[in-house]
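The values are calculated or read from the model by the stated rules, or taken from the named source; none is laboratory data. None of the values given here were measured: they were computed from a predicted structure. Here Cβ is always computed from backbone atoms with ideal geometry, including for glycine, and neighbour counts include all displayed protein chains. For accessibility, only protein heavy atoms count, side chains too; no ligands or nucleic acids. Shrake-Rupley method; radii C 1.70, N 1.55, O 1.52, S 1.80 Å.
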Amino acid sequence: MPTHENLLGGPPPTHLPDDPGPREALAAGTPPAEVAAKYPASSLAWAQLADDAYEAGRPVESYAYARTGYHRGLDALRRSGWKGHGPVPFEHEPNRGFLRALHALGRAAQAIGEEEEHERCSTFLRDSSPTAASVLS
């Protein structure tokens with residue numbers, strides 16, 4: 001079996017590079033909007049903004065934040081060799097921002113009646129990381 005494939009013959013897992021700045025800033029209590037402004041490429045900061053907006057009953061705002069984090073995460077995945085499918089393990093902490101944004105996008109899509117996008121995001125999350133789908137749902 002080629003070394004670039006996983007045991008099922010698919011692409012290898014994608015592991016995003018560590019970017020501790022946003023994670024440490026959020027852990028230190030820096031407001032997520034400040035973290036997103038300082039680290040606009042951070043899916044984690046946008047995912048936190050999406051979660052906060054959703055919890056405050058602002059699903060449209062949550063959707064916008066989640067979509068930004070999702071697209072920033074897709075950019076990072078592609079830079080890391082991801083070809084549009086394959087595992088994105090939740091166990092690798094730098095992947096969690098993207099996976100959280102993907103989950104938040106699906107959740108907000110459902111809240112605003114975008115059922116097709118909700119299903120697409122849910123499937124993408126399960127396919128990327130069954131662990132993330134379980135932990136985040």
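Whenever a residue of the range 116-130 is hydroxyl-bearing (S, T, Y), its partners that are open to solvent by less than 30 Å² (accessible area, probe 1.4 Å) and in a helix (DSSP H, G or I), lying with C-beta atoms within less than 6 angstrom and at least six residues away or across chains, give the pairs S122/G106; S129/L99.
Across the range 98-109, not a single residue is classified as at pLDDT 95 or above, surrounded by fewer than 22 Cβ atoms within 10 Å (Cβ to Cβ) and of a type in the set (A, V, I, L, M, F, W, C). Taken as a whole, the range 69-87 holds at least one residue that is at negative phi and modelled with pLDDT under 95.
Residue by residue, here is whether (1) under 18 Å from H118 (Cβ atoms); (2) open to solvent by less than 60 Å² (accessible area, probe 1.4 Å); (3) not hydrophobic (A, V, I, L, M, F, W, C) holds:
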| position | (1), (2), (3) |
| --- | --- |
| T30 | no, yes, yes |
| S43 | no, yes, yes |
| R58 | yes, no, yes |
| Y70 | yes, yes, yes |
| A76 | no, yes, no |
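Is it true that some residue in the range 123-137 is under 20 Å from D52 (Cβ atoms) and assigned to a loop (DSSP other than H, G, I, E, B)? Yes, some residue in the range 123-137 is under 20 Å from D52 (Cβ atoms) and assigned to a loop (DSSP other than H, G, I, E, B). I need the full set of residues from the range 45-56 which are within 17 Å of I112 (Cα to Cα) and of a type outside the set (A, V, I, L, M, F, W, C), in order please. D51, D52, Y54, E55 - these are the residues of the range 45-56 that are within 17 Å of I112 (Cα to Cα) and of a type outside the set (A, V, I, L, M, F, W, C).
Name the pairs whose Cβ atoms lie under 9 Å apart, with the first residue in the range 37-50 and part of a loop (DSSP other than H, G, I, E, B), the second among the hydroxyl-bearing types (S, T, Y), and 6 or more positions between them or separate chains? Note: pairs meeting the criteria are P40/T68.
Scanning the range 69-119 for residues that are out of contact with any His (no Cβ under 8 Å at 6 or more places or on another chain), among the hydrophobic types (A, V, I, L, M, F, W, C) and assigned to a helix (DSSP H, G or I) returns L74, A76, L77, F98, L99, A101, L102, A104, L105, A108, A111.
Does A64 count as of a type in the set (A, V, I, L, M) and either open to solvent by 70 Å² or more (accessible area, probe 1.4 Å) or assigned to a helix (DSSP H, G or I) (or both)? Yes; evaluated as a whole, the condition is true for this residue.
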